[in-house]
Amino acid sequence: MTHVSIDLTVNGRAVRETVQARMTLVDFVRERLDLTGTHVGCAHGVCGACLVLIDGVAARSCVMLAASADGRAVETIEGLSERGATRNLAEAFTRHGGLQCGFCTPGILVAAHALLAETTRPTRDGIREALAGHICRCTGYEPIVDAVADAAAGRQDAGP
Ligand code: FES
Ligand code: FES
C-alpha cells in the first residue's frame, strides 16, 4: 500500500503525518486528528456534511484526498468555532430552530460562513443557492435560511 507524507496546517496548527495515498481528507481529520465535527453523510460529494475550508475556500472533504491537502491550510468547524467565526450563525440557528438532529449543521455552518465572508448582505435566493448542495433531513430548510439571513443582518463575526 502506498503511503505519502503530508505537511499542512489544520485549524492554524502545523500537522505532519504519513497517510495512505488513498485516504480521504475527511477520514484524515476525523480519524487521525479526532476532529469529528466534520461529518460523513453520503461520502460521494452530494450532501455537504463534510464541508471544510481549504485556503479559505469551501470544499467537500469526502471527495478530496488527504494527500491533496499537502501544503494547504485546512479549517474545520472546530477551528471556526474556536475563533468565534461562527458564533453569530450558531446563535441564529438556535433562535430559528435551524437544526434538529444536527448532522448537517457543521457543513451548513461552514458554507454559511463562507457565504458571509464574501457577501455581507446576501439575498434569500443567494442563501438558498449557497446552501443548495446541503441535504438536511429534518428542518425543511426554511429555518436554516431564516437563521443565515438573521446572522447576516446582525453579523459581528470574526471575519473570513
Ligand atoms: S459526505 Fe461529503 S458531500 Fe456527503
Ligand atoms: S438537522 Fe438533521 S439533517 Fe439537518
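The values are calculated or read from the model by the stated rules, or taken from the named source; none is laboratory data. Keep in mind it's a predicted model, so treat the numbers as computed, not measured. Because the Cβ atoms are built from the backbone with ideal geometry, glycine has one as well, and the counts that use them run over all protein chains shown.
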Can you tell me which residue within the stretch 17-75, out of those that are more than 12 Å from the chain's Cα centre (by Cα) and part of a strand (DSSP E or B), is farthest from ligand 1 (Cβ to nearest atom)?
Thr18
Residue tally, condition exposed (fewer than 14 other Cβ atoms within 10 Å of the Cβ) and part of a loop (DSSP other than H, G, I, E, B), over the stretch 1-16:
3
Yes or no: Ala67 farther than 16 Å from Ala114 by Cα and surrounded by fewer than 19 Cβ atoms within 10 Å (Cβ to Cβ)?
no
Mind checking which pairs have a first residue in the stretch 130-143 that is under 18 Å from Thr94 (Cα atoms) and a second that is away from ligand 1 (no atom under 12 Å from the Cβ) and assigned to a helix (DSSP H, G or I), Cβ under 6 Å, 6 or more apart or different chains?
Pro143/His96
Gly37 vs. criteria in contact with a Pro (Cβ under 9 Å, 6 or more places away or on another chain) and not hydroxyl-bearing (Ser, Thr, Tyr):
yes
Filter the stretch 76-87 for residues that are more than 16 Å from ligand 2 (Cβ to nearest atom) and in a helix (DSSP H, G or I); which is farthest from Leu25 (Cα to Cα)?
Arg87
Selection from the stretch 36-59 of residues of a type in the set (A, V, I, L, M, F, W, C) and within 16 Å of ligand 2 (Cβ to nearest atom) yields Val40, Cys42, Ala43, Val46, Cys47, Ala49, Cys50, Leu51
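Residues of the stretch 94-138 being among the hydroxyl-bearing types (Ser, Thr, Tyr) and either within 16 Å of ligand 1 (Cβ to nearest atom) or modelled with pLDDT under 95 (or both), which ones?
Step one: of the stretch 94-138, the residues among the hydroxyl-bearing types (Ser, Thr, Tyr) are 94, 105, 119-120, 123.
Those that are among the hydroxyl-bearing types (Ser, Thr, Tyr) and either within 16 Å of ligand 1 (Cβ to nearest atom) or modelled with pLDDT under 95 (or both): Thr105, Thr119, Thr120.
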All but one of (1) in a helix (DSSP H, G or I); (2) in contact (Cβ under 8 Å) with a residue 24 or more places away in the chain hold for Ala90, so report the exception by its number.
(2)
